[in-house]
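Taking it in order: structure first as structure tokens, then the write-up.
What follows is calculated from the coordinates using simple rules that are stated; it is not laboratory data. Note that the structure is predicted; figures quoted are calculated from it, not measured. Heads up, the Cβs are rebuilt from the backbone with ideal geometry, glycines too, and the neighbour counts pull from every protein chain shown.
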């Protein structure tokens, strides 16, 4: 944990009907001093929405060559490279070469994020998906954050229903093709 990081704890009740994943997660998340609440919450949502055996937070911002999250199999091989925000094309290229699957979750305007990759060379770009939420969803949820948070994440038919410390919100989970966006 980097100097100046603030620890947050989350109890997450996960019911992902779309993937058939149901679990209760206890997460300790270090929020770096350079990290916004919206970015940290997007990391936590990505963790819940991608939850599977072997998923873990990396050193993230503190380690420039790691994604926000990754999934490793029992041998330690990276099977999923999960970025948050608006990573540069070089990171996506590297992650896509390293892992079987690469995905990006953003709390930003997806068209602006996609525009930053236009014309760039990204390995297996057609296989990488950018996932975003309805405008204002993450920011509204970030307003309900506490150092110790309880959240319920329910996913059905591509829609996420979130209850965070008594605040209830919902959003579509929008998928954008990176391959289509980067072609000149």
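Here are a few things to note about the model shown:
- Dividing the convex hull volume of the alpha carbon atoms of the range 1-119 by its residue count gives 121 Å³ per residue.
- Each peptide among 92-104, 134-146, 164-176, 37-49 gets the average number of other Cβ atoms lying within 10 Å of its residues, and from highest to lowest they stand as 37-49, 92-104, 134-146, 164-176.
- The chain: calculated mean residue ellipticity at 222 nm from DSSP helix runs of at least 4, using -39500 (n - 2.57): -6000 deg cm²/dmol
- Taking the longest Cα principal axis of the chain as reference, the axis of helix 89-98 is set at about 90 degrees.
- Highest-first arrangement of 19-26, 149-156, 78-85, 112-119, where packing means the average Cβ count within 10 Å: 78-85, 149-156, 112-119, 19-26
- The angle between the Cα long axis of helix 37-49 and the main principal axis of the chain comes to about 80°, on a 0 to 90 degree scale.
- The gain in end-to-end length when the residue 156 to residue 123 segment is fully stretched comes to 8.8 nm, 0.36 nm per residue minus the alpha carbon separation.
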